[in-house]
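Data first, discussion second: the structure below is written as structure tokens.
The values are calculated or read from the model by the stated rules, or taken from the named source; none is laboratory data. Everything quoted here is computed from the prediction, not taken from an experiment. FYI the Cβ positions are ideal-geometry reconstructions off the backbone, even for glycines, and counts take in every protein chain you see.
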Amino acid sequence: MPDLKGWSYRELGRLRRDMDRLFDSLCQDYGLPGPKCAERAEIEEDDQEVRIRLVLPGLRARDLDVRVTELDLEISGRQEKATDQGHTLRGFTRRLGLPCRVQPDQVRAVYRDDVLNVILPKCRGAQCRSIHISEE
């Protein structure tokens with residue numbers, strides 16, 4: 001094992017770019033969203049609201065659909081591209097469990113510069129209630 005050589009950051013960066021290109025090409029061939037659409041969502045929370053940030057490059061607001069219930073958020077998108085062989089349709093759906101109950105009718109979403117920001121106000125007072133669990 002004395003012949004082992006550590007990789008530099010430059011070599012690791014080149015490997016990552018090569019792998020990203022490989023997965024982008026593979027996903028495009030099969031009509032799947034590329035790795036960039038699968039990036040992790042950033043979730044922040046304070047006393048008043050939950051904020052979710054998701055990077056979705058290459059889409060427009062009209063390509064996206066956001067659905068929310070008290071306990072989960074679903075983001076889906078469709079993108080149609082013209083190619084030499086005609087049109088291809090790529091799509092994705094991402095479902096996130098929320099850390100607490102939210103008010104679905106008060107949710108706001110903004111898509112700007114390839115970033116989707118969703119603001120979900122938390123439930124307060126009478127809208128949220130504890131349920132007694134009985135033993136049978």
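Looking only at residues in segment 57-90 that are in contact with a helix residue (DSSP H, G or I) (Cβ under 7 Å, 6 or more places away or on another chain) and in a strand (DSSP E or B), which one is nearest to residue 105 (Cα to Cα)?
68
Do we have any residue at all in segment 25-35 that's modelled with pLDDT of 75 or more and either hydrophobic (A, V, I, L, M, F, W, C) or in a loop (DSSP other than H, G, I, E, B) (or both)?
no
If we keep just the residues of segment 91-123 that are of a type in the set (Val, Ile, Thr) and part of a strand (DSSP E or B), which is modelled with the lowest pLDDT?
93
Could you tell me whether any residue of segment 38-55 is surrounded by 13 or more Cβ atoms within 10 Å (Cβ to Cβ), assigned to a loop (DSSP other than H, G, I, E, B) and more than 16 Å from the chain's Cα centre (by Cα)?
There is no residue in segment 38-55 that is surrounded by 13 or more Cβ atoms within 10 Å (Cβ to Cβ), assigned to a loop (DSSP other than H, G, I, E, B) and more than 16 Å from the chain's Cα centre (by Cα).
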